[in-house]
1. Against the definition (farther than 13 Å from Gln13 by Cβ and either part of a helix (DSSP H, G or I) or of a type in the set (Val, Ile, Thr) (or both)), how does Ala46 come out, yes or no?
2. Scanning for something outside any helix (DSSP H, G or I) and not acidic (Asp, Glu), does segment 146-165 turn up at least one residue?
3. For the condition of a type in the set (S, T, N, Q) and closer than 19 Å to Leu111 by Cβ, what is the one hit in Thr136, Thr167?
4. In segment 155-166, what residues are of a type outside the set (Ser, Thr, Tyr), modelled with pLDDT of 95 or more and either closer than 16 Å to Arg208 by Cα or in contact with a helix residue (DSSP H, G or I) (Cβ under 7 Å, 6 or more places away or on another chain) (or both)?
5. Before we move on, is Phe181 out of contact with any Ser or Thr (no Cβ under 9 Å at 6 or more places or on another chain), more than 26 Å from Ile89 (Cα to Cα) and in contact (Cβ under 8 Å) with a residue 12 or more places away in the chain?
6. What number of residues within segment 182-209 are open to solvent by 80 Å² or more (accessible area, probe 1.4 Å), closer than 21 Å to Tyr168 by Cα and among the hydroxyl-bearing types (Ser, Thr, Tyr)?
7. Looking only at segment 201-212, count how many residues are out of contact with any Leu (no Cβ under 8 Å at 6 or more places or on another chain) and modelled with pLDDT of 95 or more.
8. Considering only segment 101-132, state which residues are open to solvent by less than 10 Å² (accessible area, probe 1.4 Å) and without any contact (Cβ under 8 Å) to a residue 24 or more places away in the chain.
Amino acid sequence: MDIKEQLREIKTQFRLAMNGAVSQSMREKGLVYKLNFGVELPRIKAIATGYEKDHALAQALWKEDIRECKIMAGLLQPVETFLPEIADIWVEDIRNIELAELTSMNLFQHLSYAPAKSFHWIADEREYFQVCGFLTIARLLMKKGDMDDRSANELLDQAVSAFLSGTYHVRNASWTTLRRFMEHDENHAYRVCRLVEGMEHSASADERLLYLLVKDEVNE
(Lines give C-alpha, C1' and ligand atoms only; values in the text may rest on other atoms or scores of the structure.)
Protein backbone atom coordinates (compact mmCIF):
# COMPACT_ATOMS: atom_id res chain seq x y z
CA MET A 1 0.00 0.00 0.00
CA ASP A 2 1.55 3.34 -1.01
CA ILE A 3 1.44 6.58 0.98
CA LYS A 4 -1.61 7.98 -0.82
CA GLU A 5 -3.56 4.79 -0.14
CA GLN A 6 -2.53 4.80 3.51
CA LEU A 7 -3.59 8.44 3.86
CA ARG A 8 -6.94 7.69 2.29
CA GLU A 9 -7.44 4.72 4.60
CA ILE A 10 -6.49 6.69 7.71
CA LYS A 11 -8.79 9.60 6.87
CA THR A 12 -11.63 7.15 6.24
CA GLN A 13 -11.11 5.75 9.75
CA PHE A 14 -11.18 9.25 11.19
CA ARG A 15 -14.44 10.04 9.40
CA LEU A 16 -16.01 6.85 10.75
CA ALA A 17 -14.96 7.87 14.29
CA MET A 18 -16.09 11.48 13.84
CA ASN A 19 -17.61 13.21 16.87
CA GLY A 20 -19.30 16.46 15.90
CA ALA A 21 -20.01 17.54 19.47
CA VAL A 22 -16.34 17.26 20.44
CA SER A 23 -15.28 19.11 17.30
CA GLN A 24 -17.71 21.96 18.04
CA SER A 25 -16.56 22.14 21.66
CA MET A 26 -12.94 22.46 20.52
CA ARG A 27 -13.79 25.28 18.15
CA GLU A 28 -15.56 27.11 20.96
CA LYS A 29 -12.41 26.74 23.10
CA GLY A 30 -10.21 28.20 20.39
CA LEU A 31 -8.70 24.96 19.07
CA VAL A 32 -9.06 25.87 15.42
CA TYR A 33 -8.09 23.53 12.60
CA LYS A 34 -9.01 23.65 8.92
CA LEU A 35 -10.68 20.28 9.47
CA ASN A 36 -11.40 18.63 12.82
CA PHE A 37 -13.26 15.32 13.06
CA GLY A 38 -13.41 15.54 16.86
CA VAL A 39 -11.95 12.05 17.28
CA GLU A 40 -10.99 11.34 20.90
CA LEU A 41 -7.28 10.87 21.64
CA PRO A 42 -7.53 7.19 22.69
CA ARG A 43 -9.17 6.41 19.35
CA ILE A 44 -6.46 8.28 17.41
CA LYS A 45 -3.79 6.29 19.27
CA ALA A 46 -5.65 3.06 18.58
CA ILE A 47 -5.78 3.81 14.85
CA ALA A 48 -2.08 4.70 14.90
CA THR A 49 -1.18 1.26 16.31
CA GLY A 50 -2.30 -0.24 13.01
CA TYR A 51 0.65 1.37 11.22
CA GLU A 52 4.43 1.08 11.50
CA LYS A 53 6.44 4.18 12.29
CA ASP A 54 7.29 5.62 8.90
CA HIS A 55 8.96 8.91 7.99
CA ALA A 56 7.20 9.41 4.66
CA LEU A 57 3.78 8.62 6.09
CA ALA A 58 4.30 10.88 9.11
CA GLN A 59 5.43 13.76 6.91
CA ALA A 60 2.43 13.28 4.64
CA LEU A 61 0.08 13.23 7.63
CA TRP A 62 1.60 16.42 9.03
CA LYS A 63 1.08 18.25 5.74
CA GLU A 64 -2.65 17.52 5.95
CA ASP A 65 -4.34 20.45 7.69
CA ILE A 66 -6.46 18.03 9.70
CA ARG A 67 -6.30 17.78 13.49
CA GLU A 68 -6.25 14.01 13.69
CA CYS A 69 -3.65 13.65 10.94
CA LYS A 70 -1.25 16.04 12.65
CA ILE A 71 -1.65 14.27 16.00
CA MET A 72 -1.02 10.89 14.38
CA ALA A 73 2.03 12.28 12.56
CA GLY A 74 3.72 12.80 15.92
CA LEU A 75 2.92 9.21 16.88
CA LEU A 76 4.26 7.68 13.66
CA GLN A 77 7.36 9.82 13.04
CA PRO A 78 10.61 7.87 13.69
CA VAL A 79 13.02 9.94 15.79
CA GLU A 80 16.03 8.75 13.79
CA THR A 81 14.93 10.52 10.61
CA PHE A 82 13.42 13.61 12.22
CA LEU A 83 16.17 16.13 11.52
CA PRO A 84 16.46 19.38 13.54
CA GLU A 85 15.45 21.50 10.55
CA ILE A 86 12.28 19.42 10.15
CA ALA A 87 11.49 19.96 13.82
CA ASP A 88 11.63 23.73 13.26
CA ILE A 89 9.29 23.42 10.28
CA TRP A 90 6.79 21.44 12.34
CA VAL A 91 6.83 23.90 15.23
CA GLU A 92 6.33 26.78 12.82
CA ASP A 93 3.17 25.02 11.68
CA ILE A 94 1.72 24.59 15.19
CA ARG A 95 -1.14 26.98 15.88
CA ASN A 96 -2.80 25.77 19.08
CA ILE A 97 -1.94 24.45 22.52
CA GLU A 98 -3.39 20.96 22.01
CA LEU A 99 -1.05 20.19 19.13
CA ALA A 100 1.90 21.75 20.97
CA GLU A 101 1.29 19.59 24.04
CA LEU A 102 0.72 16.35 22.15
CA THR A 103 3.63 16.73 19.72
CA SER A 104 6.00 17.66 22.56
CA MET A 105 4.87 14.58 24.48
CA ASN A 106 4.71 12.09 21.61
CA LEU A 107 7.77 13.18 19.64
CA PHE A 108 9.88 16.16 20.67
CA GLN A 109 10.89 14.86 24.10
CA HIS A 110 12.28 11.67 22.55
CA LEU A 111 14.66 13.39 20.10
CA SER A 112 18.38 12.96 20.77
CA TYR A 113 18.87 16.70 20.23
CA ALA A 114 15.83 17.70 22.32
CA PRO A 115 17.79 19.47 25.12
CA ALA A 116 19.67 21.80 22.77
CA LYS A 117 16.72 22.34 20.43
CA SER A 118 14.28 23.13 23.23
CA PHE A 119 16.63 25.82 24.61
CA HIS A 120 16.83 27.26 21.11
CA TRP A 121 13.04 27.36 20.95
CA ILE A 122 12.50 29.10 24.30
CA ALA A 123 14.82 31.89 23.14
CA ASP A 124 12.66 32.43 20.04
CA GLU A 125 10.17 35.30 20.08
CA ARG A 126 7.41 33.29 18.37
CA GLU A 127 4.68 32.06 20.69
CA TYR A 128 4.51 28.37 19.85
CA PHE A 129 8.27 28.00 19.51
CA GLN A 130 8.47 29.12 23.15
CA VAL A 131 5.54 26.92 24.16
CA CYS A 132 7.01 23.79 22.56
CA GLY A 133 10.42 24.58 24.00
CA PHE A 134 9.15 24.89 27.56
CA LEU A 135 6.84 21.87 27.27
CA THR A 136 9.69 19.74 25.90
CA ILE A 137 12.05 20.84 28.68
CA ALA A 138 9.34 20.06 31.23
CA ARG A 139 9.08 16.52 29.80
CA LEU A 140 12.85 16.11 29.90
CA LEU A 141 12.92 17.27 33.53
CA MET A 142 10.32 14.64 34.40
CA LYS A 143 12.57 11.94 32.89
CA LYS A 144 16.02 13.14 33.94
CA GLY A 145 15.50 16.06 36.28
CA ASP A 146 19.02 17.41 36.44
CA MET A 147 21.10 19.78 34.29
CA ASP A 148 24.36 21.67 34.62
CA ASP A 149 24.44 25.07 36.32
CA ARG A 150 24.82 27.03 33.10
CA SER A 151 21.77 25.37 31.53
CA ALA A 152 19.78 25.74 34.75
CA ASN A 153 20.57 29.46 34.95
CA GLU A 154 19.55 29.97 31.34
CA LEU A 155 16.34 28.03 31.85
CA LEU A 156 15.36 29.95 34.95
CA ASP A 157 16.09 33.32 33.35
CA GLN A 158 14.05 32.43 30.26
CA ALA A 159 11.18 30.87 32.23
CA VAL A 160 10.79 33.79 34.62
CA SER A 161 10.99 36.28 31.75
CA ALA A 162 8.42 34.30 29.76
CA PHE A 163 6.06 34.09 32.72
CA LEU A 164 6.23 37.83 33.28
CA SER A 165 5.89 38.96 29.68
CA GLY A 166 4.63 36.06 27.56
CA THR A 167 1.23 35.20 26.17
CA TYR A 168 -1.24 33.09 28.14
CA HIS A 169 0.02 29.78 26.74
CA VAL A 170 3.68 30.78 27.04
CA ARG A 171 3.13 31.71 30.69
CA ASN A 172 1.45 28.41 31.43
CA ALA A 173 4.19 26.44 29.69
CA SER A 174 6.96 28.35 31.46
CA TRP A 175 5.28 27.78 34.83
CA THR A 176 4.96 24.06 34.08
CA THR A 177 8.71 24.00 33.44
CA LEU A 178 9.49 25.88 36.66
CA ARG A 179 7.36 23.43 38.63
CA ARG A 180 9.12 20.42 37.11
CA PHE A 181 12.48 22.04 37.87
CA MET A 182 11.49 22.64 41.50
CA GLU A 183 10.18 19.10 41.93
CA HIS A 184 13.60 17.59 41.21
CA ASP A 185 15.15 18.39 44.59
CA GLU A 186 15.30 20.94 47.40
CA ASN A 187 18.26 22.74 45.85
CA HIS A 188 16.29 23.39 42.66
CA ALA A 189 13.33 24.66 44.67
CA TYR A 190 15.66 26.91 46.68
CA ARG A 191 17.10 28.42 43.50
CA VAL A 192 13.65 29.38 42.26
CA CYS A 193 12.68 30.78 45.66
CA ARG A 194 15.75 33.00 45.61
CA LEU A 195 14.74 34.32 42.20
CA VAL A 196 11.28 35.41 43.32
CA GLU A 197 11.85 36.35 46.96
CA GLY A 198 11.84 40.06 46.14
CA MET A 199 8.56 39.88 44.24
CA GLU A 200 6.20 39.47 47.19
CA HIS A 201 5.40 43.19 47.42
CA SER A 202 6.21 44.12 43.83
CA ALA A 203 4.20 46.79 42.02
CA SER A 204 3.82 44.24 39.23
CA ALA A 205 0.79 41.96 39.58
CA ASP A 206 2.54 39.33 37.46
CA GLU A 207 5.56 39.27 39.76
CA ARG A 208 3.33 38.96 42.84
CA LEU A 209 1.46 36.10 41.15
CA LEU A 210 4.70 34.26 40.37
CA TYR A 211 5.82 34.70 43.97
CA LEU A 212 2.55 33.21 45.25
CA LEU A 213 2.69 30.28 42.83
CA VAL A 214 6.24 29.42 43.89
CA LYS A 215 5.31 29.81 47.56
CA ASP A 216 2.31 27.52 47.19
CA GLU A 217 4.39 24.96 45.29
CA VAL A 218 7.03 24.88 48.04
CA ASN A 219 4.42 24.61 50.81
CA GLU A 220 2.52 21.69 49.22
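The values are calculated or read from the model by the stated rules, or taken from the named source; none is laboratory data. Everything numeric in this text was worked out from a predicted model, so none of it was measured. Cβ atoms come from the backbone with ideal geometry, glycine included; neighbour counts cover every protein chain shown. Quick note on the areas: whole protein, heavy atoms, side chains included, nothing else; ligands and nucleic acids left out. Shrake-Rupley method; radii C 1.70, N 1.55, O 1.52, S 1.80 Å.
1. Working: farther than 13 Å from Gln13 by Cβ: no; either part of a helix (DSSP H, G or I) or of a type in the set (Val, Ile, Thr) (or both): yes.
No: the conditions fail for Ala46.
2. Yes: one or more hits.
3. Exactly one of Thr136, Thr167 is of a type in the set (S, T, N, Q) and closer than 19 Å to Leu111 by Cβ, namely Thr136.
4. Residues satisfying the conditions are Leu155, Leu156, Gln158, Ala159, Val160, Ala162, Phe163, Leu164.
5. Yes: the conditions hold for Phe181.
6. Final tally of qualifying residues: 0.
7. Applying the first criterion (out of contact with any Leu (no Cβ under 8 Å at 6 or more places or on another chain)) to segment 201-212 yields 201-203, 205, 208-209, 211-212.
The next check asks that each one be modelled with pLDDT of 95 or more; those that pass are 202-203, 205, 208-209, 211-212.
Looking only at that region, the number is 7.
8. Within segment 101-132, just Ser118 meets the criteria.
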